[in-house]
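FYI, it's all coordinate maths here, none of it is from the lab. In this text, all values refer to a predicted model and were calculated from it rather than measured experimentally. Note: ideal-geometry Cβ built from the backbone for every residue, glycine included; neighbour counts use all protein chains shown.
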Amino acid sequence: MNDKKINLEGVIQHLNEKWGNRPCPMCGSNSWNVSDNVYELREFHGGDLVLGNGPILPVIPVTCNNCGNSILVNALMSRAIERPVEDTSKK
């Protein structure tokens, strides 16, 4: 279980700045749910789980409460999480 909290206020502020008050492109509703969890988006490797091979994109799902249409927002750009500090002492 992840005990780190995301900056949900930062995500909502980011969405308000960039998305504005736009309705869902599928159903026209303007009722959204912003997840308070960060998920990982990885490159597809034919269904095989490959660890340590390529970048992981951290994303926050934003889901329409009417039709379920979901968008994925970059968790770093939306200020939900901070970029990890690289440990350069091991290089």
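Per-structure values
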quantity	calculated
Average Cα contact separation per residue, the chain, under 8 Å, 6 or more apart, as relative contact order %	31
Estimated dipole of the chain in Debye, rounded to 20 [Cβ of Lys and Arg +1, of Asp and Glu -1, Cα centre]	160
Alpha carbon convex hull of the chain, volume per residue in cubic angstrom	147
Gaussian network model of the chain, springs between alpha carbon atoms under 10 Å - residue of Gly68, Gly54, Gly28 with greatest fluctuation	Gly54
Qualifying GluC sites (Glu not before Pro) in region 1-57, DSSP loop, other Cβ atoms within 10 Å at most 10	Glu43
Fully extended contour minus Cα-Cα distance, from Cys27 to Glu40, at 0.36 nm per residue	2.0 nm
Computed [θ] at 222 nm, deg cm²/dmol, the chain (DSSP H ≥ 4; -39,500 (n - 2.57); rounded to nearest 500)	-3500 deg cm²/dmol
Dipole moment magnitude, nearest 20 debye, region 1-41 about Cα centre, only Lys, Arg, Asp, Glu C-beta charged	140
Helix 8-18 vs. the chain, principal-axis angle (Cα, 0 to 90°, nearest 10)	60
